[in-house]
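For reference, the structure is listed below as structure tokens.
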Amino acid sequence: MKRSMLIWTISAIVYLGLVITGYSVYASMNPKTTEHANHSDDQVEGNVTDQTSEHEHEHENHGESTSDSELTPKVSYANGEITIELRDKDNNVPELDISHEKYMHFIIVSSDLEEYHHLHPEEKGDGIYQQKVSLNGDSYKAFVDIKPKELQYSVMPIEFHVGETQHEHGDNELVVDTDFTKTINGQTVELTAESFEVNKEITLNFEVKDAKPDPYLGALGHVVILDEAGEKYIHVHPVAENKTVFNTKFNKPGIYKLWAEFKFGEQVNVYPFVIEVKE
């Protein structure tokens, strides 16, 4: 019995020795195995940290000021022609997406907000767009309404001057309308809204009398809104294809002027309204 126990013990010791020796030989031939296992957790943890940082950075970018554009258009006027030059921050010509049937919607207003033009300049190549337009001597603000591909862009006012007579923007005599029914070229439009309040969604309902507007630039109408200083630019479209109803919001109280554009036949009528947005 004792002999059997001795043999079993010796056998167990020999077997354990063989296992230890085998593992030592394997480890010496594969030194990266253990190393790889130890680092894999660190790598996963590092990736999670990196992804979180990138996500937070992207979220930060979304909260940046709307004036932080990667594209700043240049506008000039000479010999009855507007020239717009588009270059991105790296001096490259940007590619534009079509918005409401056009690559560019170009809005011009005079300093007193009486003169208004909605144009669609023609591309001439190398980032140059041009448009013939007759302007009186005054200070003007232009708004280059475009959608550059893969670039952050906000429409900002660009001031330029025509002739020697120049006026300060905001130096106007806007009077808030009390009658919201306007007739242009024999066609009447009435604006109705429940109220004009700050930080509240406002519904602008334009009732077109005795007619239905024709489709114009992919919609039944367009509305451009500016504050009295010509700084805050809003361009809105109808809530549905078959309606002349528009939704917008004002983040500051004050006097605003809006231009509602509707097409009848070959004629585009522009209906100006002055409103006051209150607290």
Note to self: For segment 220-245, give me each residue that is out of contact with any Lys or Arg (no Cβ under 8 Å at 6 or more places or on another chain) and more than 16 Å from I107 (Cβ to Cβ).
What the structure shows: P238, V239, A240, E241, N242, K243, T244, V245
Check: Would segment 139-152 turn up any residue that is open to solvent by less than 70 Å² (accessible area, probe 1.4 Å), within 16 Å of R87 (Cα to Cα) and out of contact with any His (no Cβ under 9 Å at 6 or more places or on another chain)?
Finding: yes
Notebook entry, point to check: All but one of (1) open to solvent by less than 60 Å² (accessible area, probe 1.4 Å); (2) modelled with pLDDT of 95 or more; (3) of a type in the set (D, E, K, R) hold for D112; which doesn't?
Noted result: (2)
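Here are T183, T188: which of them is within 25 Å of H117 (Cβ to Cβ), free of Cβ contacts under 8 Å to residues at least 12 places away in the same chain and not in a loop (DSSP other than H, G, I, E, B)?
Details: T188 fails: free of Cβ contacts under 8 Å to residues at least 12 places away in the same chain.
Of the residues listed, the single one that is within 25 Å of H117 (Cβ to Cβ), free of Cβ contacts under 8 Å to residues at least 12 places away in the same chain and not in a loop (DSSP other than H, G, I, E, B) is T183.
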Margin query: Looking at segment 260-270, can you tell me whether even one residue there is in a loop (DSSP other than H, G, I, E, B), of a type outside the set (K, R) and farther than 10 Å from V223 by Cα?
Written below: yes
Notebook entry, point to check: So which residues in segment 232-246 are under 17 Å from the mean Cα position of the chain (by Cα) and either among the aromatic types (F, W, Y) or loosely packed, with under 13 Cβ neighbours inside 10 Å (or both)?
Noted result: Y233
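Matching residues to (1) under 20 Å from G218 (Cβ atoms); (2) modelled with pLDDT of 95 or more:
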| residue | (1), (2) |
| --- | --- |
| H55 | no, no |
| S69 | no, no |
| E81 | no, yes |
| Y103 | yes, yes |
| I108 | no, yes |
| Q130 | no, yes |
| N136 | no, no |
Next item on the list: Could you check, for segment 173-193, whether at least one of its residues is at pLDDT 95 or above, buried (at least 19 other Cβ atoms within 10 Å of the Cβ) and among the aromatic types (F, W, Y)?
Entry: no
Notebook entry, point to check: If the Cβ limit is 6 Å and pairs must be 6+ apart or interchain, which residue in segment 67-90 that is surrounded by 15 or more Cβ atoms within 10 Å (Cβ to Cβ) pairs with which residue that is of a type in the set (D, E) and in a strand (DSSP E or B)?
Noted result: L71/D88
Check: In segment 251-279, which residue that is farther than 19 Å from V109 by Cα and touching an Asp or Glu at 6+ places or on another chain (Cβ under 8 Å) is modelled with the lowest pLDDT?
Finding: E279
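The values are calculated or read from the model by the stated rules, or taken from the named source; none is laboratory data. Everything numeric in this text was worked out from a predicted model, so none of it was measured. Neighbour counts run over all protein chains shown; Cβ positions are idealised from the backbone, glycine included. What goes into the accessible areas is simple: the full protein's heavy atoms, side chains included, and nothing from ligands, DNA or RNA. Shrake-Rupley method; radii C 1.70, N 1.55, O 1.52, S 1.80 Å.
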